[in-house]
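A.B. asks: First the structure, then my questions, so here it is.
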Amino acid sequence: MSKFEGTVDSIVFRNDVNGWTVASVRLDGSRGSISAVGVMPFLSAGEHAIFDGELTEHRDYGQQIKVSGYETTRPETKSGVEKFLGSGLVKGVGPATAKQIVAYFGARALDVLESEPERLTEVPGIGPKRAAMIAESFAVQNGMRNTLIFLQEYGLSPALSMKVYRAFGDSTERVLRDNPYRLVDEIQGVGFRTADDIAMRMGFGRESEFRIRSGIKFALSEAANAMGHMYLPMERLAAQAVELLGADRALVDRELRALILENQLIAERVREDDAVYLPRYHRAETETSRLLLRQLKSIRPSRIPEGDLAEMIAEYERSEGVELCDQQREAALAAAREGICIITGGPGTGKTTSINLIIRLLRRMGEVELCAPTGRAAKRMSEATGCPARTIHRLLEYTGEGQGFQRDADNPLDADIVIVDEMSMVDIFLMHSLLEALRPGTRLILVGDADQLPSVGAGNVLRDLIAAEAVRVVRLTEIFRQAGQSQIVVNAHRINRGEYPVIRSRETDFFLERKETPAQAAESVVALVRTRLPNYLGLDVLRDIQVMAPMKRGEIGVYSLNALLQEALNPPKPDVPELPHGQAVFRRGDKVMQVRNNYDLEWRRDGEDGQGVFNGDIGYIIAVDRRERALTVEFDDGRVADYDETLLDDLELAYCMSVHKSQGSEFDAVVLPLISGPPMLLTRNLLYTAVTRAKRLVVIVGRESCVRQMVDNNHILRRWSALDWRLENMR
């Protein structure tokens with residue numbers, strides 16, 4: 001980074017929502033002007049500023065200073081003060097009024113506005129009412145500016161400073177001087193280490209009560225966000241907090257007990273563990289257990305006679321030309337008799353046929369709703385059943401972070417039967433919201449593959465429900481003849497049983513391209529995606545082929561492969577606009593993924609408007625606005641959403657994705673580079689999940705020894721959850 005010093009001539013553009021600004025600046029010692037671009041929400045014409053940034057060459061706008069931070073001094077000359085006041089920041093003051101004020105007070109005009117604003121009435125044409133409006137607006141802008149300067153002194157970027165100011169307003173400095181660790185709890189994007197650094201610079205001690213308590217809660221929060229844990233055993237939590245804080249164990253134990261006594265954390269004996277929860281996680285788990293058991297008790301037995309059920313199943317076989325196995329008949333009968341049941345099985349075992357049969361049977365009992373956790377999964381469900389399916393969020397009518405789901409206990413769903421597909425992806429919070437929205441007596445059919453990776457969000461819902469044996473579980477294990485002809489299906493089941501996949505080089509839909517080094521594997525992946533697979537199977541490069549990687553970093557990790565694939569599939573061109581952001585460059589035509597839930601982001605689709613874009617949603621950049629630093633993304637299901645500068649962190653390139661992010665999706669071809677990696681990542685169920693995402697072709701690029709190591713590694717990282725324990729103890 002370099003420093004650039006000069007006077008602001010004018011503000012060319014400013015986005016009032018996120019503070020993104022384009023300013024024309026006359027650098028000291030230079031006769032001409034240059035553009036400075038970045039988040040500078042309170043920069044004004046006439047100010048003298050020092051910019052931290054780098055000199056870049058923009059394709060359309062020439063040389064620019066890309067600003068990462070800045071500091072300003074008040075204008076001291078009459079012309080500078082006039083520009084500053086007339087810039088539009090102060091309500092009620094335009095260029096003409098600014099000229100009048102400066103003509104009367106001279107270069108001291110800003111001092112008068114700050115300390116003697118009542119004197120504005122001395123200026124001809126400014127009455128008491130207008131003077132009060134100008135004074136109030138100046139005071140607000142001054143407060144915001146001073147807050148920004150205060151935050152930047154402690155290392156917060158202008159963009160993050162805007163978030164903090166929106167949360168705390170004029171109280172920001174007081175709040176942070178009292179307890180800077182509030183940033184961790186209340187501002188998305190601020191981690192413990194950032195708040196800790198601010199606190200240390202403010203003079204807080206390493207043994208501060210605020211610090212120790214924040215570190216404990218952060219350790220628990222990270223366990224949930226990064227690993228999916230609902231709770232941590234007290235001993236493990238204390239040890240992780242000690243490591244994070246570098247603090248004495250006795251001090252951590254003392255503050256941990258205090259947090260529990262004050263109900264800021266919840267402690268409960270779970271099996272052999274002293275479990276410690278964040279309150280919202282404890283509430284979600286206990287309420288989910290209670291609601292599930294209540295729902296189970298509310299469902300009345302089916303009024304359809306057994307003979308009629310048997311005849312309906314036989315009629316389904318005749319009309320559809322299928323021969324059901326005993327397990328599929330059992331699943332259909334369980335759905336009709338039990339009211340709540342789980343149907344689980346791997347690929348090729350007839351889950352979709354079972355869903356179609358259940359729909360046929362249960363339509364005699366009332367209104368059937370179909371749903372899935374993601375847009376892609378819901379679309380697949382619709383295509384497979386011929387019936388409309390929605391995301392769970394849309395089914396529950398999500399309308400934004402402030403209001404949440406419109407369907408709840410007070411406004412339940414109008415459905416008699418709800419069928420949920422891809423249940424392995426459903427986390428504890430979504431399950432709780434779904435159960436809360438069911439009216440008494442509504443049947444619930446949960447379908448999924450319990451051997452896949454668990455949900456990205458916290459909890460282990462599907463596996464816990466199966467383990468608890470609180471509801472009927474039907475396991476589909478028989479592979480149907482047509483599915484058995486697919487080496488993908490055969491190998492998926494072999495992997496799941498701990499057997500090595502059968503790998504042939506030709507005439508199969510599952511093969512290994514042997515490569516020994518990461519560089520060779522990366523080169524082969526690019527060639528496969530760019531030309532070989534599209535030519536071989538006639539596939540759409542972006543929509544039909546998906547590269548997956550077990551790791552994010554490294555030569556064949558998600559980040560590196562995304563850069564290589566973007567360069568190969570969507571390289572820079574003079575007529576293709578692009579937008580650099582962080583370490584990435586977003587370009588029109590890029591394949592991207594939403595990487596966190598944003599319940600408030602507005603979207604539009606064929607005259608319909610809505611809110612909510614969710615972790616794992618895949619889309620394509622259809623427009624780039626470089627001036628406003630904004631993108632427009634069209635998702636697979638047709639939703640179109642706009643992303644301004646503050647939302648770009650929610651997007652990542654998706655030419656390659658992690659296996660975890662692929663859940664709920666299906667692709668014609670999956671390319672999976674496997675050379676080596678840590679055993680905790682290269683596991684059997686990760687390989688199984690990756691393989692089951694493919695419909696027509698799996699290509700593993702790398703070493704057969706790595707594939708065998710993954711099959712042998714049946715380590716499933718434990719998720720600390722207690723939904724099964726609660727169901728067992730509440731019955």
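A.B. asks: Determine the distance separating the Cα centre of the stretch 312-369 from the Cα centre of the stretch 688-724; give it in Å without decimals.
C.D. replies: Distance between centres, Cα-based: 29 Å.
A.B. asks: What label, among (i) 1.20; (ii) 0.99; (iii) 1.11, belongs to Cα Rg over 2.2 N^0.38 Å computed from the structure on display?
C.D. replies: Step by step, Cα Rg over 2.2 N^0.38 Å for this structure corresponds to label (iii).
A.B. asks: Now, a different point. For the chain, what relative contact order do you get, as a whole percent, if you take Cα pairs closer than 8 Å and at least 6 residues apart?
C.D. replies: Details: 1360 pairs, mean separation 73.7, N = 731.
The value is 10 percent.
A.B. asks: Sequence neighbours fewer than 8 away in the same chain don't count; with that in mind, list the lysines whose C-alpha is under 18 Å from residue 552.
C.D. replies: Those lysines meeting the cut-off are 591, 661.
A.B. asks: Cut-off under 16 Å on the C-alpha distance; same-chain residues fewer than 8 positions from residue 515 excluded. Which aspartates and glutamates are left, in chain and number order?
C.D. replies: Those aspartates and glutamates meeting the cut-off are 523, 555, 704.
A.B. asks: In the full protein assembly as shown, how much of residue 416 is accessible to a 1.4 Å probe, in Å² to the nearest 10?
C.D. replies: Residue 416 has an accessible surface of roughly 50 Å² with all protein chains in place.
A.B. asks: To the nearest 20 Debye, how big is the dipole of the chain about its Cα centre, given +1 on the beta carbon of each Lys and Arg and -1 on that of each Asp and Glu?
C.D. replies: Values: 92 positive and 105 negative charges, 116 e Å.
So the magnitude is around 560 debye.
A.B. asks: In what sequence, largest accessible area first, do 3, 695 appear using a 1.4 Å probe? Don't skip to the end; give the middle numbers.
C.D. replies: Values: 3 140, 695 105 Å².
In descending accessible area the options line up as 3, 695.
A.B. asks: Applying the Karplus parametrisation 6.51 cos²θ - 1.76 cosθ + 1.60 with θ = phi - 60° to the phi angles of the stretch 653-668, what ³J(HN,Hα) value in whole Hz is obtained for each residue in order, glycine and proline being reported as x?
C.D. replies: 4, 10, 4, 10, 9, 6, 4, 4, 6, 7, 4, x, 10, 9, 10, 4
A.B. asks: Of the options 61, 660, 277, report the single residue whose Cα projects farthest towards the positive end of the charge dipole of the chain (beta-carbon charges: Lys, Arg +1; Asp, Glu -1).
C.D. replies: Value: 660.
A.B. asks: How high is the relative contact order of the stretch 393-521? Use alpha-carbon pairs under 8 Å, at least six apart in sequence, and give a whole percent.
C.D. replies: On the way: 134 pairs, mean separation 22.1, N = 129.
Worked out over the stretch 393-521, it gives 17 percent.
A.B. asks: Can you give me the Cα centroid spacing of the stretch 598-652 and the stretch 36-61 in angstrom?
C.D. replies: Each part reduced to its Cα centre gives a spacing of 27 Å.
A.B. asks: What are the ³J(HN,Hα) couplings of the stretch 33-47, residue after residue, when phi is run through the Karplus curve with 6.51, -1.76, 1.60 and θ = phi - 60°? Round to Hz, x for glycine and proline.
C.D. replies: 10, 9, 7, 10, 10, x, 7, 9, x, 10, 5, 10, 4, x, 6
A.B. asks: Let me ask you something else. Using amide H atoms built 1.01 Å from N in the peptide plane, name the residues 5+ places from residue 668, or on other chains, whose amide H lies under 5 Å from its own.
C.D. replies: Close amide H contacts, sequence-distant or interchain: 695.
A.B. asks: If DNA, RNA and ligands are ignored and the probe is 1.4 Å, what is the ranking of 544, 617 by accessible area, most exposed first? List each step's numbers first, then the result.
C.D. replies: Values: 544 35, 617 10 Å².
The ranking, largest first, comes out as 544, 617.
A.B. asks: Going highest first, how would you order 392-398, 68-74 by mean Cβ packing within 10 Å? Don't skip to the answer; put the middle values down first.
C.D. replies: Values: 392-398: 21.3, 68-74: 17.3.
Final packing ranking: 392-398, 68-74.
A.B. asks: With each run of n ≥ 4 DSSP H residues scored as -39500 (n - 2.57), what mean residue ellipticity at 222 nm is computed for the chain after dividing by its residue count and rounding to the nearest 500 deg cm²/dmol? Present the calculation step by step, with values, prior to reporting the outcome.
C.D. replies: Details: 27 runs with 288 residues, N = 731.
The per-residue figure over the chain is -12000 deg cm²/dmol.
A.B. asks: With 28 Å as the limit, write out which pairs from 297/379; 129/163; 66/99; 91/163; 297/695 have Cα-Cα distances beyond it, or answer none.
C.D. replies: Numbers: 297/379 32 Å; 129/163 32 Å; 66/99 32 Å; 91/163 23 Å; 297/695 40 Å.
Distance filter (> 28 Å) returns 297/379; 129/163; 66/99; 297/695.
A.B. asks: Using the Cα centre of the stretch 1-86 as the reference point, and only Cβ charges (+1 on K/R, -1 on D/E), how large is the resulting charge dipole? Debye, rounded to the nearest 20. Numbers along the way, then the final one.
C.D. replies: Details: 9 positive and 12 negative charges, 30 e Å.
Using Cβ point charges on Lys, Arg, Asp and Glu, the stretch 1-86 gives about 140 debye.
A.B. asks: Check residue 581: other-chain or 5+ apart residues with amide H under 5 Å from its amide H, H built from backbone geometry?
C.D. replies: Answer set, sorted by chain and number: 586.
A.B. asks: How high is the relative contact order of the stretch 1-103? Use alpha-carbon pairs under 8 Å, at least six apart in sequence, and give a whole percent. Don't skip to the end; give the middle numbers.
C.D. replies: On the way: 227 pairs, mean separation 23.9, N = 103.
The value is 23 percent.
A.B. asks: If you don't mind, another one. Amide H of residue 549 versus every other amide H placed in the peptide plane: which residues, excluding those fewer than 5 positions away on the same chain, fall under 5 Å?
C.D. replies: Sorted by chain and number, the residues that satisfy this are 657, 658, 659.
A.B. asks: Now for a separate question. Considering only DSSP beta bridges with both partners in the stretch 291-449, what is the antiparallel share in %, to the nearest 5? Please report the intermediate quantities before stating the final value.
C.D. replies: Working: 2 of 18 bridges.
Antiparallel: roughly 10 percent of the beta bridges in the stretch 291-449.
A.B. asks: May I pose another question? Please report the antiparallel percentage of the DSSP beta bridges confined to the chain, to the nearest 5.
C.D. replies: Numbers: 66 of 108 bridges.
Roughly 60 percent of the DSSP beta bridges within the chain come out antiparallel.
A.B. asks: Moving on to the next point. Jot down the per residue volume, in cubic angstrom and as a whole number, of the convex hull over the alpha-carbon atoms of the stretch 9-59.
C.D. replies: Spelled out: Cα convex hull of the stretch 9-59, divided by residues, is 95 Å³.
A.B. asks: Considering only the other residues whose Cβ falls under 15 Å of the Cβ of residue 680, what net charge follows from Lys and Arg at +1 and Asp and Glu at -1? Don't skip to the answer; put the middle values down first.
C.D. replies: Details: positive: 552, 553, 684, 718, 719; negative: 712.
My count for the surroundings of residue 680 gives +4.
The values are calculated or read from the model by the stated rules, or taken from the named source; none is laboratory data. All of these numbers come straight from a predicted model, not from anything done at the bench. Note: ideal-geometry Cβ built from the backbone for every residue, glycine included; neighbour counts use all protein chains shown. Only protein heavy atoms, including side chains, enter the accessible area calculation; ligands, DNA and RNA are left aside. Shrake-Rupley method; radii C 1.70, N 1.55, O 1.52, S 1.80 Å.
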